[in-house]
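As structure tokens, the structure follows; a few thoughts come after it.
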Amino acid sequence: MKVSILKSPAAHAGALRELFAWADCVNLASAWATTHEGSARHWKSMNLEKVKKAVIGDEFAQTEPWVLRQLLAMGELRIGRCQGTFHPKLYIGYRGARARAIVGSANLTAAAFSTNAEISVLLEGSSSDERMKALADFHRAQWTNGEKIDSEWIDAYELKWKLRPLVNRSVWRVNSIDDLRMSWHRYYSVLVSQENRTPVIRIFQDHPSYQRELDNTLDIFMRHPRFSEIPPEERRILMGLRGKSSGLIGSMDAARDAKEIVKTTPATIGRYLDLIPMDGDVPIALVEEVVRGLLAIKGVKLAVATRLLTVKRPDIFVSVNNGSKPKLKRVMGGGALLKAEHYVDLLKLIWATDWYRSPAPVDAQQRSAWQRRVGLLDAIFYQAVD
């Protein structure tokens, strides 16, 4: 029997790709499975028509429901069941009297085949070899003990997945625009992972939360298309001033001059803010014109301008505030983020991502998040300011 050691993500990905290309059929057992809704490299290398029997774990709701739906559609899927935690990582392919098996630490997840530190062995030999037979017997036992499921089971599981407890409640790491290049499904998962992290972030909950803050501001703009016609108390909400506002997405508490302008001469800001429609695409040239106009007003800095733009159109704008600015600058490669042209460059990068360009999801909560998708970057990027 030939034995190879797989010590890198590339080696794991290559071995899995070659296994599926070589085999006539494949059996697998994995504690968890994720694919970023089919976009992950390892998933693209798998021919699901060759999967004969798949046993996948659902412990801690870490497996992506999308994966289960895809495997169930092929007709051969069971959920792993045992007295403890279902935790194997086994992939066996067969071609005539020959067999190949990958066994080790790598779950069927995007991270395992791209960024994780994993160690596995690739075995190649006769399917009648005692060691291959032992692996086959193990898989057969997991299949026999596994739970048969249907689409209704997956629907119920998906609710658990959306509300799953997360071990890591820390701020999501962002080093460059590459960290934002992902599918909508992956982006939404990142948002969910930030719920109730430290410092405490509430996204989809009652006040105070990003969801409720944006509900309130959007309602104000819908009722008052012209900024100068918005009642003073409601303009306080738009400014993020403490009280009715949570202060999320940036606050003008410390912007004395800007507060006075919004309070006494709102038409000065409305002259530019009113140019942004409540729906539809906004040309980047118009964005630059509006931001330049706002920044030309004495006392209005980028934090103030982008707060107001974001609470009006959170589907296309992000707030540049003290809490989000450090990571927004990383997205831009560490450059300056002070002027209108800097902000336009930032938006161009964000608007080019797959999650931004994706169609609106069918799921109600995901659709709500999608309608606020750029503004909610603040929930991902925010970090406490000393």
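The values are calculated or read from the model by the stated rules, or taken from the named source; none is laboratory data. Just so it is clear, the model here is predicted, and its values are computed rather than measured. Cβ atoms come from the backbone with ideal geometry, glycine included; neighbour counts cover every protein chain shown. Accessible surface areas use protein heavy atoms only, side chains included; no ligands, DNA or RNA. Shrake-Rupley method; radii C 1.70, N 1.55, O 1.52, S 1.80 Å.
Looking across the range 205-233, the residues that are part of a loop (DSSP other than H, G, I, E, B) and surrounded by 18 or more Cβ atoms within 10 Å (Cβ to Cβ) come down to SER209, ILE230.
Of SER128, SER151, all but one fail to be more than 19 Å from SER30 (Cα to Cα), modelled with pLDDT of 95 or more and open to solvent by 60 Å² or more (accessible area, probe 1.4 Å); the exception is SER128. What tally of residues in the range 207-260 results from selecting those that are within 16 Å of GLN371 (Cα to Cα) and out of contact with any strand residue (DSSP E or B) (no Cβ under 9 Å at 6 or more places or on another chain)? Residues in the range 207-260 being within 16 Å of GLN371 (Cα to Cα) and out of contact with any strand residue (DSSP E or B) (no Cβ under 9 Å at 6 or more places or on another chain): 11 in total. The residues of the range 159-187 that are open to solvent by less than 30 Å² (accessible area, probe 1.4 Å), at pLDDT 85 or above and in a helix (DSSP H, G or I), listed by number, are ILE177, LEU180, TRP184, HIS185, TYR187.
Hey, which of the strands (runs of 3 or more DSSP E) in the range 78-154, taking only ones fully inside, have at least 2 residues that are free of Cβ contacts under 8 Å to residues at least 40 places away in the same chain?
Of the strands (runs of 3 or more DSSP E) lying wholly inside the range 78-154, those with at least 2 residues that are free of Cβ contacts under 8 Å to residues at least 40 places away in the same chain span 98-104.
Taken over the range 70-105, the criterion of being β-branched (Val, Ile, Thr) and out of contact with any strand residue (DSSP E or B) (no Cβ under 6 Å at 6 or more places or on another chain) is satisfied by THR85 alone.
From LEU338, LEU347, LEU295, which residue is out of contact with any Phe, Trp or Tyr (no Cβ under 7 Å at 6 or more places or on another chain) and within 22 Å of GLN371 (Cα to Cα)? It is LEU347. In the set VAL55, VAL26, only one residue is assigned to a strand (DSSP E or B) and within 20 Å of ALA156 (Cβ to Cβ); that residue is VAL55. Of the listed requirements (1) open to solvent by 40 Å² or more (accessible area, probe 1.4 Å); (2) farther than 14 Å from ILE230 by Cβ; (3) at pLDDT below 95, THR264 misses just one: (2). Among the residues of the range 118-125, is any modelled with pLDDT of 95 or more, open to solvent by 30 Å² or more (accessible area, probe 1.4 Å), over 25 Å from the mean Cα position of the chain (by Cα) and hydrophobic (A, V, I, L, M, F, W, C)? Yes - at least one qualifying residue is present in the range 118-125.
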